[in-house]
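Read the structure below first, then the notes.
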Amino acid sequence: GVDLDTSALPEGWRARLVKVQNANTAAPSGHPQFIGWCLDKEDLCVAKLCAYREKDINFVHALIAANLVDPTVIRGRLADLPAHHHALGHRAAAWLDAFIAHP
């Protein structure tokens, strides 16, 4: 987990959280079953591209190359970043546009 100020996330990300609850999220006794909330895969890619570390760029590159995420959705969500993250979004969008043009 990270602090909400740590990641650059697009508007609406909370509504797209993915619920994870199964036998693996239960206490050793089986009860209670805990709930994990994970970022939507494209929202995660937005945060990774805004962080712009080599490992994050490689991660997003691999997801796009494997057709596990939609770069068009990622591109749209980069435009939905809060104003204080616009500079990060522009840098991330430039990388994404270049990748899409020359995979």
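The values are calculated or read from the model by the stated rules, or taken from the named source; none is laboratory data. Computed from a predicted model, the values in this text were never measured in an experiment. As a convention, Cβ positions derive from the backbone with ideal geometry for all residues, glycine included, and neighbour counts pool all protein chains shown.
Comparison of 45, 50 shows that the only residue that is closer than 19 Å to residue 101 by Cβ and not charged (D, E, K, R) is 45.
Would you check which residues across the range 26-46 are surrounded by 13 or more Cβ atoms within 10 Å (Cβ to Cβ) and more than 19 Å from residue 64 (Cβ to Cβ) and list them? Give the steps one after another, and end with the answer.
Let us first name the residues in the range 26-46 that are surrounded by 13 or more Cβ atoms within 10 Å (Cβ to Cβ), namely 26, 36, 39-46.
Residues satisfying the conditions are 26, 36.
Hey, does the range 59-69 have a residue that's in contact with a strand residue (DSSP E or B) (Cβ under 8 Å, 6 or more places away or on another chain) and surrounded by 12 or more Cβ atoms within 10 Å (Cβ to Cβ)? Looking through the range 59-69, none of the residues is in contact with a strand residue (DSSP E or B) (Cβ under 8 Å, 6 or more places away or on another chain) and surrounded by 12 or more Cβ atoms within 10 Å (Cβ to Cβ). Filtered by the rule that a residue be farther than 14 Å from residue 37 by Cα and either modelled with pLDDT of 95 or more or part of a loop (DSSP other than H, G, I, E, B) (or both), the range 4-26 gives 5, 6, 7, 8, 9, 10, 11, 12.
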